[in-house]
Every structure is written in structure tokens, then in C-alpha cells.
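The structure appears below as C-alpha cells.
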Amino acid sequence: TKENGGNRLGIYTEALSSKRVERFNMETGLRYAVERQELVLHFQPQVSLSTGKVYGAETLLRWHTPDGKIIQPDEFIPLAEETGLIIPIGQWVLEQACMECKRWINAGMPALVISVNLSALQFQQEHFPDIVRKVLKDTGIQPHNLCLEITEYTAVQNLEHSIRMLGELVDIGVKIAIDDFGIGQSSLLWLKKLPVHTVKIDPSFILNMIEDSDGDAIAKAVIEMSHSLGLSVTAEGVETEGQLMRLQQLQCDRIQGFYTGRPMSSDHFIAYFQEISNWVG
Ligand code: C2E
Ligand code: CA
Ligand code: CA
Ligand code: CA
């Protein structure tokens, strides 16, 4: 009836406006999050399947709000991207990640590869390579110890720009990984055109690998194709020993997932590194 429809509409607008308030509050909070030091970096280990040793870590952002909540990136990165705040935030992440990597070296750890996620907006900045050069210089990190992750989606948005930008970054000597690979509908052919080092297989293909023969077939195909193009492969979302063993059998280069370690604080990562000797029997 009309009345019911009216009610539903009423509830809908109310929900919408409280969503707007929530969004506005979050945007205001996010504006000050960097200077108030509320953003925290976590690090998730990446393990080499050929050596069983820790290869590096991916930097993942968390927001510790003043009211004691921890907000996950899926909840605030999209807003940071819409508002452009991802530019200063992303630059802060890059600097901090390189500083932590330096701290690990100073703590006696070998130089690992630190991975940092790049948003499309950062990647579109023409002077982004200058930012990278400056951060490397200021922190004293070697270029080959830094890996920049861009999503498959960002990479194929503007192929011409990507080829040029990635070329400049590769000239600096940093590594490039294509994130969330396999979920886009793009052809695999463009991979050949882009100067990248690593392909990260999306967790959706790994999670059901053992039970789901399609997931297994896709992982296998991505690994084989990447290797034939001279690229290494990191499988994300590895949660079980069975998945680890299967990926090792498929000659996947590295894994990242809850099985070998959840995202953790920098201090935890140092302790983790000292404790773990080898993942592969
Ligand atoms: P991503 O780059 O694909 O990062 C991997 C996500 O998978 C992380 O979620 C990680 O915690 C999660 N993950 C890792 N292992 C497993 C596993 O075994 N099982 C399952 N179910 N999940 C696993 P997180 O930390 O919530 O980050 C979500 C996304 O937010 C990231 O996806 C990335 O796109 C974005 N993000 C995080 N930090 C940054 C940042 O500093 N800058 C930018 N631009 N984006 C970021
Ligand atoms: Ca990533
Ligand atoms: Ca990913
Ligand atoms: Ca993702």
C-alpha cells in the first residue's frame, strides 16, 4: 500500500541522512588523523616458498580513533580516495614504511622487501617518482628493498600513463607488484607491456583452492603464465597448510596470509622474524 511505501521511504531517508552524518564525521576525523598520529601501520609477512624464509612484509594501514575504535582500511580508504586525503596519507605511509624497514635493519635484521599499497590518485601524480626518490634518500633504504603495489584495475585504467610511470619507477630500482590480480576482466596480454616484477593472486582464488578445482586451475594458470613472462608470483589469503603445499607444488614464489602470519605491529614483526626460522619442511 501507499502507507507502507511511505514508511519504507521514511526509514530509507532517515538511514541515508545518518549515513551522511557518519560520513561527514569520518571525513573530519580523517583530515586530522595523520597529524594526531592516529594512523598505525601493520605489517604482514611474505614468505618465500623456495627457501621457507621471510621475504618481506606488506604495509597495511589501521586507524585508531580517539574513542578507542580500530577502523580497518576497507572502511576508510575509499573515503580517503574520494576526498583526495589519500595523497597525504599515502605519502605518510610510504615514509613510515621505509623508516620501519630501516629500523629493522638497525635492529640486526637482514634487509627485507617492504611492500606499500599505492592508490590510483598517488599513481596519477606526475611527480610521484620524485617523491619515491626523496623518501629513499631520506630513509637510506635501497630501491630494491621497496615494492610498490598497484591494483590491476589502476594499472589498466590508462595504459599509456602506466607504461611511462612504471618505467620511471623501475628505473629508480624499486619493485612493482600488480595487486588483486585475476579479479579484473582485462586481458592477460597487457601484462607483457608493463614493466612489473610480481603478480599477486587475489585471495578469492586461493581461499577455496583445495575444494574448488576452478580456483586451483586459475592459480595454476596465473603462476605458469607469469613465470613464462618472467614475473614472480605471490599468493595472497593463504590460510592453511594444504594451500601452502599445493602452491609450493605449483612453484608459486611467495605466500602471504593468515597461515604464515596476520598483519602485526612493527615490534611484533621484529619478534616474529627472530622466532620463525623456516616455513617449508
Ligand atoms: P590488499 O592490498 O589486497 O591487502 C590484503 C588484505 O587481505 C589485508 O586486508 C589483509 O589483512 C587481508 N588478508 C591477508 N591475509 C589474509 C588471509 O589469509 N585471509 C583473509 N581472509 N584475508 C587476508 P586489510 O588490512 O583489511 O586491507 C584491505 C585493503 O585496504 C588492502 O587490500 C588495500 O587495498 C587497502 N589498504 C590497506 N592499507 C593501505 C594503504 O596504506 N594505502 C592504500 N592505498 N590502500 C591500503
Ligand atoms: Ca596490497
Ligand atoms: Ca591484494
Ligand atoms: Ca583487496
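The values are calculated or read from the model by the stated rules, or taken from the named source; none is laboratory data. Owing to the predicted nature of the structure, the values given are computational and were not obtained by experimental measurement. Positions of Cβ are backbone-derived with ideal geometry, glycine not excepted, and every protein chain shown enters the neighbour counts. SASA here: full protein model, heavy atoms, side chains in, ligands and nucleic acids out. Shrake-Rupley method; radii C 1.70, N 1.55, O 1.52, S 1.80 Å.
Taking the Cα centre of the chain as the origin, how large is its charge dipole in debye, to the nearest 20, when only Lys and Arg (+1) and Asp and Glu (-1) carry charge on their Cβ atoms? Each step should come with its number before you reach the end.
Details: 24 positive and 36 negative charges, 86 e Å.
With Lys and Arg at +1 and Asp and Glu at -1, about 420 debye.
Compute the angle between helix 128-139 and the longest alpha-carbon principal axis of the chain, please, reported from 0 to 90 degrees and rounded to the nearest 10.
70 degrees
Considering only protein heavy atoms and a 1.4 Å probe, what is the carbon-and-sulfur percentage of the accessible area of the chain? Mind showing how you got there, number by number?
Working: 7670 of 14470 Å².
Accessible surface attributable to carbon and sulfur in the chain totals 53 percent.
Order GLU35, GLU27, GLU152 by their accessible area, 1.4 angstrom probe, all chains in place, largest first. Walk me through the intermediate numbers first.
Numbers: GLU35 140, GLU27 40, GLU152 5 Å².
Heavy-atom accessible area, descending, gives GLU35, GLU27, GLU152.
With every protein chain left in place, what is the accessible area per residue of segment 59-144 in square angstrom, probe 1.4 Å? Write down the numbers at each step before the final one.
Numbers: 4060 Å² over 86 residues.
Roughly 47 Å² per residue, with all protein chains present.
Determine the dipole magnitude for segment 140-200: charges of +1 sit on the beta-carbon of Lys and Arg, -1 on that of Asp and Glu, nothing else is charged, the reference point is the Cα centre, and the result goes in debye to the nearest 20.
Working: 5 positive and 7 negative charges, 33 e Å.
Charge dipole, segment 140-200, about its Cα centre: 160 debye, nearest 20.
³J(HN,Hα) across segment 25-37 via Karplus (A = 6.51, B = -1.76, C = 1.60, θ = phi - 60°), whole Hz, x for Gly/Pro?
Listing the rounded values in order: 4, 5, 5, 4, x, 5, 4, 9, 4, 5, 5, 7, 6 Hz.
I'd like to know which of SER18, LEU60, LEU136 lies farthest towards the positive end of the charge dipole of the chain, counting +1 on Cβ of Lys and Arg and -1 on Cβ of Asp and Glu.
It is LEU136.
How many lysine pairs in the chain, separated by 8 or more positions in sequence or lying on different chains, have Cα atoms less than 20 Å apart?
15
Name the long-range amide H neighbours of GLY56: under 5 Å, sequence gap of 5 or more, or other chain; modelled H, no Pro or chain starts.
GLN46, VAL113
Give me, ordered by chain and number, the residues 5 or more places off VAL199 or on other chains with an amide H under 5 Å from its own placed amide H.
Long-range HN contacts for VAL199: ILE178, SER232, VAL233, THR234.
Can you give the relative contact order of the chain as a percent, counting alpha carbon pairs under 8 Å and 6+ residues apart? Intermediate values should be presented prior to the final figure.
Working: 420 pairs, mean separation 55.2, N = 281.
Reported as a whole number, the value is 20 percent.
Through the Karplus equation 6.51 cos²θ - 1.76 cosθ + 1.60, θ set to phi - 60°, convert the phi angles of segment 273-281 into ³J(HN,Hα) values in whole Hz; use x for Gly and Pro.
4, 6, 7, 7, 9, 7, 9, 10, x
How much net charge surrounds ALA177 when only the other residues with a Cβ under 12 Å from the Cβ of ALA177 are counted, with Lys and Arg +1 and Asp and Glu -1?
On the way: positive: LYS175, LYS200, ARG254; negative: GLU58, GLU149, GLU152, ASP179, ASP180, GLU236, ASP253.
After counting each charged neighbour, the total is -4.
So what are the ³J(HN,Hα) numbers for segment 18-23, from phi and the Karplus equation (6.51, -1.76, 1.60; θ = phi - 60°), rounded to whole Hz, Gly and Pro as x?
In residue order, the calculated couplings are 5, 5, 5, 4, 4, 5 Hz.
Once amide H atoms are placed 1.01 Å from N in the peptide plane, what residues at a sequence separation of 5 or more from MET264, or on another chain, have their amide H within under 5 Å of its amide H?
PHE43, GLN44
Could you tell me what percent of the DSSP beta bridges with both partners in segment 20-155 are antiparallel, to the nearest 5?
Beta bridges within segment 20-155, antiparallel portion: roughly 60 percent.
Can you say what percent of the DSSP beta bridges in the chain, counting only those with both residues inside, are antiparallel? Round to 5. If you can, show how the numbers build up before the last one.
Working: 14 of 36 bridges.
Of the beta bridges lying entirely in the chain, close to 40 percent run antiparallel.
In nm, what is the difference between 0.36 nm times the number of residues separating LYS134 and MET109 and their Cα-Cα distance?
Working: separation 25, 0.36 × 25 = 9.00 nm, distance 2.36 nm.
Stretched fully, the LYS134-MET109 segment lengthens by 6.6 nm.
Among TRP63, TRP92, what's the order by accessible area (1.4 angstrom probe), most exposed first? Show your work: numbers first, answer last.
Values: TRP63 10, TRP92 50 Å².
Ranked list, largest accessible area first: TRP92, TRP63.
Give me the 1.4 Å probe accessible area per residue for segment 159-281, excluding ligands and nucleic acids, in Å².
On the way: 5990 Å² over 123 residues.
Per residue, segment 159-281 has 49 Å² of solvent-accessible surface.
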